[in-house]
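Asker: Take this structure, written in structure tokens, and hold onto it; I'll ask about it next.
The values are calculated or read from the model by the stated rules, or taken from the named source; none is laboratory data. Computed from a prediction, not measured in an experiment: that's the story for all the values here. Here the Cβ positions follow ideal geometry from the backbone for every residue, glycine too, while neighbour counts run over all protein chains shown. What goes into the accessible areas is simple: the full protein's heavy atoms, side chains included, and nothing from ligands, DNA or RNA. Shrake-Rupley method; radii C 1.70, N 1.55, O 1.52, S 1.80 Å.
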Amino acid sequence: MKLKLIAITTLFVTTTLSSQSLKPSNTYQHFVNSTKEIFDSLVKIRRDLHMNPEISKQEKRTSKIVAKYLRDLGLEVKTNIGGNGVVGILKGGKEGKKIAWRADMDAIKTKEPDVVDFISKNEGVRHICGHDVHTTIGLGIATVLSQQKENLKGTVYFIFQPAEETFTGAKDMIEDGLFDIIEPNEIYGLHIGPGESGVINFKSNELFAYQRSLKVTFQPSANKKELENFMNDILNGFSRNPLKGSPWDIINNTTDPKIGITSKETIYRDYFFIEGTKLYKDQGTTIFSASFFETNSSNTYSIPLEIKNQILNSKYKNLFISIGYSRDNPTPINDSELTKMASKTISSFYNKEMFKPLYGQIPFFGEDFIYYQQKVPGVFFLLGGSNIEKGINSMPHTPNFAVDETTIKYGVQSFATLIFERANSK
Ligand SMILES: [Zn+2]
Ligand SMILES: [Zn+2]
């Protein structure tokens with residue numbers, strides 16, 4: 001059956017969609033129409049979640065709403081996985097692939113006032129990372145896909161994760177047996193990014209830079225200033241900072257058309273930069289600490305070793321006690337084959353201007369989606385939520401963070417299509 005691309009919205013919802021004869025563009029048109037039908041109710045859900053935000057590990061109300069919604073759709077639902085985690089299982093009418101979609105649910109403590117009319121009722125807590133929108137998009141995808149249950153080959157798992165902000169929720173769900181309950185072949189998810197509403201960004205391999213904190217312990221030093229300069233010189237020797245010392249203004253720079261992450265000439269392709277250093281006394285020792293961002297994972301291992309070598313070959317050799325470093329942020333690492341396949345599918349139906357590769361790794365952010373990707377190949381996308389004309393800026397964790405709600409529609413229809421196509425693929 002071929003679908004005509006005319007506005008017969010109500011018909012589409014009840015018309016069965018024969019997946020075998022359809023191209024992704026037709027499937028997309030179907031999901032555009034079914035998303036339109038539920039858009040107002042999704043906005044209501046999003047605003048309710050926004051008005052009732054819950055911090056990491058306290059997502060009781062949110063997870064209850066999610067579980068009830070999924071049950072009402074007829075999905076098999078498991079609750080309290082790794083804390084407040086919820087899983088919904090949608091079994092298609094035919095055999096096929098098993099695809100997981102992940103959405104996170106937690107909000108953040110902040111004293112900054114809300115910038116929208118539907119302000120948070122939970123004082124000091126707000127959704128400034130867009131997880132209210134992620135949860136809503138997840139529920140939207142579950143709705144439109146469950147309407148297509150009979151035509152869906154395979155199984156779709158919806159993972160609603162708690163405690164992303166503390167980077168513990170994914171680990172907790174996995175440790176609590178998530179992958180005993182579900183057996184996905186592929187996993188996908190998204191985060192609201194600073195792009196314009198509906199713009200989808202993708203990238204293979206690392207999405208973010210690696211952030212590391214370094215701590216070097218010395219015997220008490222007579223000349224602290226000299227030691228500090230010595231250590232700063234070592235660190236500066238590793239610097240690959242394309243901005244040559246000027247501050248990293250991520251809000252303006254990452255979205256800049258010339259140097260930003262969507263430009264082939266981006267400054268975010270290859271860098272090492274130091275965020276801050278400090279020298280202080282601690283329990284009879286002198287400590288030099290620094291945190292840095294690095295795009296290349298192998299450098300994150302070699303740099304501390306080289307720093308140690310340089311100290312041991314210097315006059316500070318006898319003062320040196322130890323060097324250690326912590327892993328501060330997890331970055332999604334997108335499977336390159338799946339990224340290729342998923343981007344081929346999306347670009348076959350989506351507006352080219354709104355589907356853009358990223359050429360650089362974003363500094364300052366982390367995402368615990370990587371813990372799923374360590375078990376199952378997957379791709380994590382960014383979905384823009386800004387609207388420059390309306391003054392809406394969706395850069396996560398900024399005080400004025402807000403989301404243009406039209407992006408809910410783009411998120412639901414695009415990723416429902418992707419999941420449907422991946423589940424039905426061979
Ligand atoms: Zn966040
Ligand atoms: Zn987030």
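Asker: Out of the residues in the range 72-99 meeting the condition of being among the basic types (Lys, Arg) and modelled with pLDDT of 95 or more, tell me which one is nearest to the chain's Cα centre (by Cα).
Answerer: Taking the range 72-99 as the starting set, the residues that turn out to be among the basic types (Lys, Arg) are 78, 91, 94, 97-98.
The next check asks that each one be modelled with pLDDT of 95 or more; those that pass are 78, 91, 97-98.
Values: 78: 23, 91: 26, 97: 23, 98: 21 Å.
Step by step, filter the range 72-99, then rank; the result is 98.
Asker: Among residues belonging to the range 102-121 that are out of contact with any His (no Cβ under 8 Å at 6 or more places or on another chain) and within 16 Å of ligand 2 (Cβ to nearest atom), point out the one that is most open to solvent (accessible area, probe 1.4 Å).
Answerer: Only one residue tops the list, namely 109.
Asker: With respect to residue 194, is the statement that it is open to solvent by less than 40 Å² (accessible area, probe 1.4 Å) and touching a residue at least 24 places away in the same chain (Cβ under 8 Å) true?
Answerer: Values: open to solvent by less than 40 Å² (accessible area, probe 1.4 Å): yes; touching a residue at least 24 places away in the same chain (Cβ under 8 Å): yes.
It is true that residue 194 is open to solvent by less than 40 Å² (accessible area, probe 1.4 Å) and touching a residue at least 24 places away in the same chain (Cβ under 8 Å).
Asker: List pairs: first in the range 104-131 and assigned by TED's automatic domain parsing to the domain that holds residue 371, second of a type in the set (Val, Ile, Thr) and more than 16 Å from ligand 1 (Cβ to nearest atom), Cβ under 8 Å, 6+ apart or cross-chain?
Answerer: Filtered contacts from the range 104-131: 105/66; 113/119.
For every residue, the table says whether it meets (1) away from ligand 2 (no atom under 16 Å from the Cβ); (2) assigned to a loop (DSSP other than H, G, I, E, B); (3) closer than 20 Å to residue 138 by Cα.
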{"site": "167", "(1), (2), (3)": "no, yes, yes"}
{"site": "170", "(1), (2), (3)": "no, no, yes"}
{"site": "174", "(1), (2), (3)": "yes, no, yes"}
{"site": "179", "(1), (2), (3)": "yes, no, yes"}
{"site": "183", "(1), (2), (3)": "yes, yes, yes"}
{"site": "189", "(1), (2), (3)": "no, no, yes"}
{"site": "192", "(1), (2), (3)": "no, no, yes"}
{"site": "214", "(1), (2), (3)": "yes, no, no"}
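Asker: Surrounded by fewer than 24 Cβ atoms within 10 Å (Cβ to Cβ), in contact with a helix residue (DSSP H, G or I) (Cβ under 8 Å, 6 or more places away or on another chain) and small (Gly, Ala, Ser): is that true of residue 124 in this structure?
Answerer: On the way: surrounded by fewer than 24 Cβ atoms within 10 Å (Cβ to Cβ): yes; in contact with a helix residue (DSSP H, G or I) (Cβ under 8 Å, 6 or more places away or on another chain): no; small (Gly, Ala, Ser): yes.
No.
Asker: Consider residue 191 against the criteria (1) over 21 Å from residue 342 (Cβ atoms); (2) within 13 Å of ligand 1 (Cβ to nearest atom): it satisfies all of them except one. Which criterion is unmet?
Answerer: (1)
Asker: Separate question: Among the residues of the range 300-332, which ones are open to solvent by 70 Å² or more (accessible area, probe 1.4 Å) and either under 24 Å from residue 170 (Cα atoms) or in a helix (DSSP H, G or I) (or both)? Give the steps one after another, and end with the answer.
Answerer: So the first thing to find is which residues in the range 300-332 are open to solvent by 70 Å² or more (accessible area, probe 1.4 Å), and the list is 301, 305-306, 308-310, 313, 315, 317-318, 321, 325, 327.
Those that are open to solvent by 70 Å² or more (accessible area, probe 1.4 Å) and either under 24 Å from residue 170 (Cα atoms) or in a helix (DSSP H, G or I) (or both): 301, 305, 306, 308, 309, 310, 325, 327.
Asker: Further question: Within the range 153-165, identify whether any single residue is within 13 Å of ligand 1 (Cβ to nearest atom), in the same structural domain as residue 347 (by TED's automatic domain parsing) and touching a Pro at 6+ places or on another chain (Cβ under 9 Å), and answer yes or no.
Answerer: Scanning the range 153-165, I find no residue that is within 13 Å of ligand 1 (Cβ to nearest atom), in the same structural domain as residue 347 (by TED's automatic domain parsing) and touching a Pro at 6+ places or on another chain (Cβ under 9 Å), so the answer is no.
Asker: Out of the residues in the range 369-410 meeting the condition of being part of a helix (DSSP H, G or I) and aliphatic (A, V, I, L, M), tell me which one is surrounded by the most Cβ atoms within 10 Å (Cβ to Cβ).
Answerer: 408
Asker: Only residues that are surrounded by 19 or more Cβ atoms within 10 Å (Cβ to Cβ) and either touching a helix residue (DSSP H, G or I) at 6+ places or on another chain (Cβ under 7 Å) or modelled with pLDDT under 85 (or both): list them for the range 249-266, please.
Answerer: 253, 254, 255, 260
Asker: How many residues does the range 275-299 contain that are touching a Phe, Trp or Tyr at 6+ places or on another chain (Cβ under 8 Å) and either in a strand (DSSP E or B) or under 16 Å from residue 233 (Cα atoms) (or both)?
Answerer: Result for the range 275-299: 12.
Asker: Next question, about the same structure. Looking at (1) in contact with a helix residue (DSSP H, G or I) (Cβ under 9 Å, 6 or more places away or on another chain); (2) modelled with pLDDT of 95 or more; (3) at negative phi, which is the only condition residue 194 fails?
Answerer: Every listed condition holds for residue 194 apart from (2).
Asker: I'm trying to understand the selection: among the residues of the range 75-97, which are farther than 26 Å from residue 396 by Cβ and either within 16 Å of ligand 2 (Cβ to nearest atom) or touching an Asp or Glu at 6+ places or on another chain (Cβ under 6 Å) (or both)?
Answerer: If we filter the range 75-97 for residues that are farther than 26 Å from residue 396 by Cβ, which is where we start, we get 75-80, 89-97.
89, 93 - these are the residues of the range 75-97 that are farther than 26 Å from residue 396 by Cβ and either within 16 Å of ligand 2 (Cβ to nearest atom) or touching an Asp or Glu at 6+ places or on another chain (Cβ under 6 Å) (or both).
Asker: Here is a follow-up. Would you be able to say whether some residue in the range 145-164 is assigned to a loop (DSSP other than H, G, I, E, B), in contact with a strand residue (DSSP E or B) (Cβ under 7 Å, 6 or more places away or on another chain), open to solvent by 10 Å² or more (accessible area, probe 1.4 Å) and away from ligand 2 (no atom under 15 Å from the Cβ)?
Answerer: There is no residue in the range 145-164 that is assigned to a loop (DSSP other than H, G, I, E, B), in contact with a strand residue (DSSP E or B) (Cβ under 7 Å, 6 or more places away or on another chain), open to solvent by 10 Å² or more (accessible area, probe 1.4 Å) and away from ligand 2 (no atom under 15 Å from the Cβ).
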